[in-house]
Amino acid sequence: MKKPISTNTSEFNKQLTFPDHELMRTLCGEHNAHLHLLEKKIGVSVYVRGNVLSLQGGDWEVGLADAVITQLYDLLKAGYPVYENDVDYAVRILSGDQSRSLEKIFQDEVYISSKKKVITPKTVNQKNYIDSIRKYDIVFGIGPAGTGKTYLAMAMAISSLIKKEVNRVVLARPAVEAGEHLGFLPGDLYEKVNPYLRPLYDALHDMLDFEHTSRLLDQGVIEVAPLAFMRGRTLNDSFVILDEAQNATSEQMKMFLTRLGFSSKAVITGDVTQIDLPEGKICGLIEARGILEGIKGIGFAYFTREDVIRHSLVQKIIHAYEKMESNKREK
């Protein structure tokens, strides 16, 4: 199959000719929705005539639109389904560096679930994150909510379990209000801490069907537990995830990191802007970053609001709060 033919007609005008009419229709989206999004995100004008796309705008903007469209077309040729969100992600990725390869990022399949759902990175930082998890036995993923820190770590863990690289998956999370507040809740200890572990169960059920998940939980192959339950244990042949690590104290973080046994891997995720620890308590995640960053064999992956894979308003909300915090520090 031929590649699209690129023709420069002027400094700010470029034409792309696509030999495959069906792929071009998919590329444009229903009612040209993908092209309209491209115009909005980049600030170019896109005109369609037959199998030719004409791009008009600033030199840099036209170059970016050209890179996005050409690479998305290549993905379609390779059998990758391109959706509206993928156009948005592509613009984000190539805005920083137009030479980046969308194929290397979008086609890096982390895990294919029983629901036939393909899980892949959608940003450069997500790609670096999963590469770090493959390379290192301990990885810290630090950044705002919605950047896929926990979800991708969970996908990597389930993938390792399915491939028999580990014998079990352990998912832990601090229950920061596990003191007197929980005492007012009915039920035993598990029932009291369960609300804090619910997001981990939600991610798990999104990847495996309910019966499969229940069976693995009953067998202890997958364990979801509060961080406090890790004390005194040695975790061999395990993939261990500590979620919401910004709410782990200094003592809890040290305890968790020293649980790692032979043939095991640990991923620690957290958002240092959302610390719920009582006043006077040291954040174990911030402390660990200062102590461990630079040690060979430990990886650190950082995310920004540009990596948020949720509703577009979430990015704006995060930016607004960052601006407020910055103004507070300046006063």
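The values are calculated or read from the model by the stated rules, or taken from the named source; none is laboratory data. Owing to the predicted nature of the structure, the values given are computational and were not obtained by experimental measurement. Positions of Cβ are generated from backbone atoms using ideal geometry, with glycine treated the same way; all protein chains shown enter the neighbour counts. All accessible areas refer to the heavy atoms of the entire protein, side chains included, with ligands and DNA or RNA removed. Shrake-Rupley method; radii C 1.70, N 1.55, O 1.52, S 1.80 Å.
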inquiry  = Can you list residue pairs whose Cβ atoms sit under 7 Å apart, with the first residue in the stretch 199-226 being free of Cβ contacts under 8 Å to residues at least 60 places away in the same chain and part of a helix (DSSP H, G or I) and the second being crowded, with 18+ Cβ neighbours inside 10 Å and of a type in the set (F, W, Y)? Count only pairs 6 or more apart in sequence or on different chains.
reply    = A203/Y151
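A quick yes/no check of all residues on (1) among the β-branched types (V, I, T); (2) touching a Ser or Thr at 6+ places or on another chain (Cβ under 8 Å); (3) over 16 Å from D88 (Cβ atoms); (4) open to solvent by 30 Å² or more (accessible area, probe 1.4 Å):
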{"position": "T17", "(1), (2), (3), (4)": "yes, yes, yes, yes"}
{"position": "D20", "(1), (2), (3), (4)": "no, no, yes, yes"}
{"position": "L27", "(1), (2), (3), (4)": "no, no, no, no"}
{"position": "H31", "(1), (2), (3), (4)": "no, no, yes, yes"}
{"position": "E39", "(1), (2), (3), (4)": "no, yes, no, yes"}
{"position": "G43", "(1), (2), (3), (4)": "no, no, no, yes"}
{"position": "Y47", "(1), (2), (3), (4)": "no, yes, yes, yes"}
{"position": "V52", "(1), (2), (3), (4)": "yes, yes, yes, yes"}
task = Could you tell me whether L313 is in contact with a strand residue (DSSP E or B) (Cβ under 8 Å, 6 or more places away or on another chain) and aliphatic (A, V, I, L, M)?
result = no
remark   = Note: among I291, I298, I309, I318, just one is farther than 13 Å from G143 by Cβ, within 23 Å of the chain's Cα centre (by Cα) and among the β-branched types (V, I, T), namely I298
message = Is it the case, given these coordinates, that I295 is out of contact with any Pro (no Cβ under 9 Å at 6 or more places or on another chain), within 19 Å of A245 (Cβ to Cβ) and loosely packed, with under 14 Cβ neighbours inside 10 Å?
response = yes
Residues located in the stretch 227-262, provided they are open to solvent by 40 Å² or more (accessible area, probe 1.4 Å), touching a residue at least 12 places away in the same chain (Cβ under 8 Å) and either in a strand (DSSP E or B) or small (G, A, S) (or both) = A228, L260
message = Please list, ordered by residue number, the helices (runs of 4 or more DSSP H) wholly in the stretch 30-145 having 2 or more residues that are over 30 Å from T213 (Cα atoms).
response = 33-42, 59-77, 84-96, 102-106
inquiry  = Any residue in the stretch 263-291 that is crowded, with 17+ Cβ neighbours inside 10 Å and modelled with pLDDT of 95 or more sitting within a Cβ distance under 6 Å of a residue that is of a type in the set (K, R) and assigned to a helix (DSSP H, G or I)? List the pairs, counting only those 6 or more apart or interchain.
reply    = T269/K149
ask   = Looking at L161, is it at pLDDT below 85, in contact with a strand residue (DSSP E or B) (Cβ under 6 Å, 6 or more places away or on another chain) and not in a loop (DSSP other than H, G, I, E, B)?
value = no
query = What residue, of Y302, Y321, is of a type outside the set (A, V, I, L, M), within 30 Å of V91 (Cβ to Cβ), open to solvent by 70 Å² or more (accessible area, probe 1.4 Å) and modelled with pLDDT of 90 or more?
reply = Y302
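Scan the stretch 191-203 for residues that are within 22 Å of T150 (Cα to Cα) and either surrounded by fewer than 17 Cβ atoms within 10 Å (Cβ to Cβ) or modelled with pLDDT of 85 or more (or both) and jot them down.
Across the stretch 191-203, the qualifying residues are N194, P195, R198, P199, Y201, D202.
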key: R329 being farther than 17 Å from V139 by Cβ, of a type outside the set (V, I, T), free of Cβ contacts under 8 Å to residues at least 40 places away in the same chain and not in a loop (DSSP other than H, G, I, E, B)   = yes
